[in-house]
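Here is the structure we will look at, set down as structure tokens.
The values are calculated or read from the model by the stated rules, or taken from the named source; none is laboratory data. Predicted, not measured: the structure shown is a model, and the values here were computed from it. Cβ placement follows ideal geometry from the backbone for every residue including glycine, while neighbour counts extend to all protein chains displayed.
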């Protein structure tokens, strides 16, 4: 397969962790090309004792830049990544951090798939059934009903590329009944019901996200972003309380804490966003994945692995086919 | 103090658990009057070996009724409860379950406090700092910016009645910066900044709810309801996974599990919605509290205790004063 283009300058700890992750991926046989200032990346590679192909990009977007700065910094690493995919020299883009800039760069350089009004960020959350895909994750805060239908179609294509043959779709609302919801969900419900190629379950509620009632949950990006950050924050708080409760207890409790630590640690890892690697940006003419800005090398590796798997399953072709079927 | 009017027929397990909760409250010296069909309630009291005053209400709202049915069933127990508060014969209404009907009955019988466009449901969530008050919890799915300001004013009055002298208010959004958010939050931000008597912090994100960054978090009722149900569902799932991880592990893990069980159970209780008793409905001309429909006797007691405490702190007077100051 063609290499994955990694924006080596993206995220809070670049280029250290991006080079680390790329080297780990390389050792697993996944071809990666680093994109950024050659001198900087060569120095980091030497420091880590590795060797990888580099594509030169003299500039890059920092976390302090605006999303629109991708139009000013034309030779920024994120733009060069997109260009590589567009020219067929890379199979996917992986970028840690700056969601807005990556979204803007993808729109600007790759453009939208036919029929897509707005690309969407897909979030993956752990659930009792495995995982829940939530769209939109924050790319579109105010939405039209038709956009939510498009998000559902694109998320279905993504879930299928992940091996779920007929993913079910729930509309995030405040009650199961069709007549419960806000203006947006009430208008979206009949559209989802009528859309071809979707396995529409009906309304789901906040509690269904972790229960895993449906494979996919659709909402506007404001609510989706609140859900993402709330669920991460709540897990962090609960595990913090558990640590405190176990370490501050009686001698017997502290002994018990030692014994259960490995089991709790593997559970904590299951809830760790880094495990999920990266969010796909769906609806643009190329596979684009955005990871946490605070990612470490392991999270960069997860992001690259995720991108590779989904690319091999023909993600963009599946999204195109879904959108074409929706257009009728 | 005047007794609290308990809708003895509300919730999934009435009148058993409502009578249980009322008897527990009575034993703690809190005066309660049961409202519902006298014969049914007398029988339940006899069964439980207790005695409490009853106010007759021949009808009641079931979980299958529509909210608007409170206008048809004029002598329904929830309407009689509101009537008792209006006549000054009871100090507050406590109802388990049917949120929509309780809201409709309160509006119909008590009316709104001057200046309040829409009453709001206030949710209480555990946080690292103690607790977070979230408004609106689902009474108003589509909101106008001015309503969110009113919710913030009413929640501030409630938090003050709970003993927090100068509660801070955060606007739930997708980024800390003032320019981040959806149309509703962008329009609400300057209004909250300018509102008298509010300690406005600025935008908060989903992760801040459990972190406890602000005492109060304001959002529309669609998002608030999703937050409520997601946070309950996530806690349930995490504790389920913990049980599974500890009981399914090695012999040493299972031994450790036995030792840490008490510490984890008290943590679980902290996350239990029943601990929080009931949500206040703010903005109507009387103190109204709505508990979980699935409440047990202990949760009914919590609801009654919460109502008592807030009534004694002059909740309705505080909300009136806050709204008057907002009107200028």
What residue, among those in the range A:88-111 that are more than 17 Å from the chain's Cα centre (by Cα) and assigned to a helix (DSSP H, G or I), is farthest from residue B:180 (Cα to Cα)?
A:109
Go through (1) in a loop (DSSP other than H, G, I, E, B); (2) more than 14 Å from chain A (Cβ to nearest Cβ); (3) within 19 Å of the chain's Cα centre (by Cα) one by one and return the number of the condition residue B:115 breaks.
(3)
Filter the range B:32-49 for residues that are more than 17 Å from residue B:13 (Cβ to Cβ) and either part of a loop (DSSP other than H, G, I, E, B) or without any contact (Cβ under 8 Å) to a residue 12 or more places away in the chain (or both) and give the result.
B:39, B:46, B:49
Could you say whether any residue in the range A:95-103 is farther than 17 Å from residue A:5 by Cβ and without any contact (Cβ under 8 Å) to a residue 60 or more places away in the chain?
yes
Some residue of the range A:50-58 being touching a residue at least 60 places away in the same chain (Cβ under 8 Å), in a loop (DSSP other than H, G, I, E, B) and in contact with a helix residue (DSSP H, G or I) (Cβ under 6 Å, 6 or more places away or on another chain)
no
Of the conditions (1) surrounded by fewer than 18 Cβ atoms within 10 Å (Cβ to Cβ); (2) more than 21 Å from residue A:116 (Cα to Cα), residue A:201 fails just one. Which one is it?
(1)
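Using the structure shown, decide if residue A:85 is part of a strand (DSSP E or B), within 22 Å of residue A:313 (Cα to Cα) and within 20 Å of the chain's Cα centre (by Cα).
Numbers: part of a strand (DSSP E or B): no; within 22 Å of residue A:313 (Cα to Cα): yes; within 20 Å of the chain's Cα centre (by Cα): yes.
When the stated conditions are applied, residue A:85 does not pass them.
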From the option list A:47, A:73, A:86, single residue qualifying as surrounded by fewer than 21 Cβ atoms within 10 Å (Cβ to Cβ), in the same structural domain as residue A:13 (by TED's automatic domain parsing) and touching a strand residue (DSSP E or B) at 6+ places or on another chain (Cβ under 7 Å) is A:73
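Being in contact with a strand residue (DSSP E or B) (Cβ under 9 Å, 6 or more places away or on another chain), crowded, with 22+ Cβ neighbours inside 10 Å and at negative phi is the filter here; which residues of the range A:126-146 pass it? If you could, list the steps in order and put the result at the bottom.
In the first step, residues of the range A:126-146 are kept if they are in contact with a strand residue (DSSP E or B) (Cβ under 9 Å, 6 or more places away or on another chain); the result is A:126, A:131-140.
Restricting the remaining residues to those that are crowded, with 22+ Cβ neighbours inside 10 Å gives A:126, A:132-140.
A:126, A:132, A:133, A:134, A:135, A:136, A:137, A:139, A:140, listed by residue number.
Test residue A:320 against the stated conditions and say whether it is assigned to a helix (DSSP H, G or I), out of contact with any strand residue (DSSP E or B) (no Cβ under 6 Å at 6 or more places or on another chain), closer than 14 Å to residue A:5 by Cα and at pLDDT 85 or above.
On the way: assigned to a helix (DSSP H, G or I): yes; out of contact with any strand residue (DSSP E or B) (no Cβ under 6 Å at 6 or more places or on another chain): yes; closer than 14 Å to residue A:5 by Cα: no; at pLDDT 85 or above: yes.
Here the answer is no, as residue A:320 does not meet what is asked.
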All but one of (1) surrounded by 19 or more Cβ atoms within 10 Å (Cβ to Cβ); (2) facing chain A (nearest Cβ under 9 Å) hold for residue B:158, so report the exception by its number.
(2)
Which of the residues belonging to the range B:213-247 are in contact (Cβ under 8 Å) with a residue 12 or more places away in the chain, in contact with a strand residue (DSSP E or B) (Cβ under 7 Å, 6 or more places away or on another chain) and under 25 Å from residue A:173 (Cα atoms)?
B:216, B:217, B:218, B:219, B:223, B:224, B:227, B:228, B:231
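Taking the range A:18-43 only, how many residues are under 21 Å from residue A:292 (Cα atoms) and surrounded by fewer than 24 Cβ atoms within 10 Å (Cβ to Cβ)? Give the steps one after another, and end with the answer.
Just the residues of the range A:18-43 that are under 21 Å from residue A:292 (Cα atoms), to begin with: A:18-26, A:30, A:32-36, A:41.
In the following step, the residues that additionally are surrounded by fewer than 24 Cβ atoms within 10 Å (Cβ to Cβ) were identified as A:20, A:23-24, A:26, A:30, A:33.
Number of matching residues: 6.
Could you check how many residues of the range A:267-278 are at the interface with another protein chain (Cβ under 7 Å from one of its Cβ atoms) and exposed (fewer than 15 other Cβ atoms within 10 Å of the Cβ)?
Step one: list which residues in the range A:267-278 are at the interface with another protein chain (Cβ under 7 Å from one of its Cβ atoms), which gives A:267.
Within this subset, residues satisfying the condition of being exposed (fewer than 15 other Cβ atoms within 10 Å of the Cβ) are none.
Within the range A:267-278, residues that are at the interface with another protein chain (Cβ under 7 Å from one of its Cβ atoms) and exposed (fewer than 15 other Cβ atoms within 10 Å of the Cβ) number 0.
I'd like the residue in the range B:4-30 that is assigned to a helix (DSSP H, G or I) and touching a strand residue (DSSP E or B) at 6+ places or on another chain (Cβ under 9 Å) and, out of all such residues, is nearest to residue B:106 (Cα to Cα).
Within the range B:4-30, the first condition is being assigned to a helix (DSSP H, G or I), and the residues that meet it are B:16-27.
Filter once more, keeping what is touching a strand residue (DSSP E or B) at 6+ places or on another chain (Cβ under 9 Å): B:17-19, B:21-23, B:25-26.
On the way: B:17: 23, B:18: 20, B:19: 22, B:21: 22, B:22: 21, B:23: 25, B:25: 23, B:26: 25 Å.
Of everything passing the filter in the range B:4-30, B:18 is nearest to residue B:106 (Cα to Cα).
Restricting to the range A:193-207, name every residue that is touching a helix residue (DSSP H, G or I) at 6+ places or on another chain (Cβ under 6 Å) and on the phi < 0 side of the Ramachandran plot. Show your work before the answer.
Taking the range A:193-207 and keeping what is touching a helix residue (DSSP H, G or I) at 6+ places or on another chain (Cβ under 6 Å), we get A:195-198, A:200, A:205-207.
Correct list: A:195, A:196, A:198, A:200, A:205, A:206, A:207.
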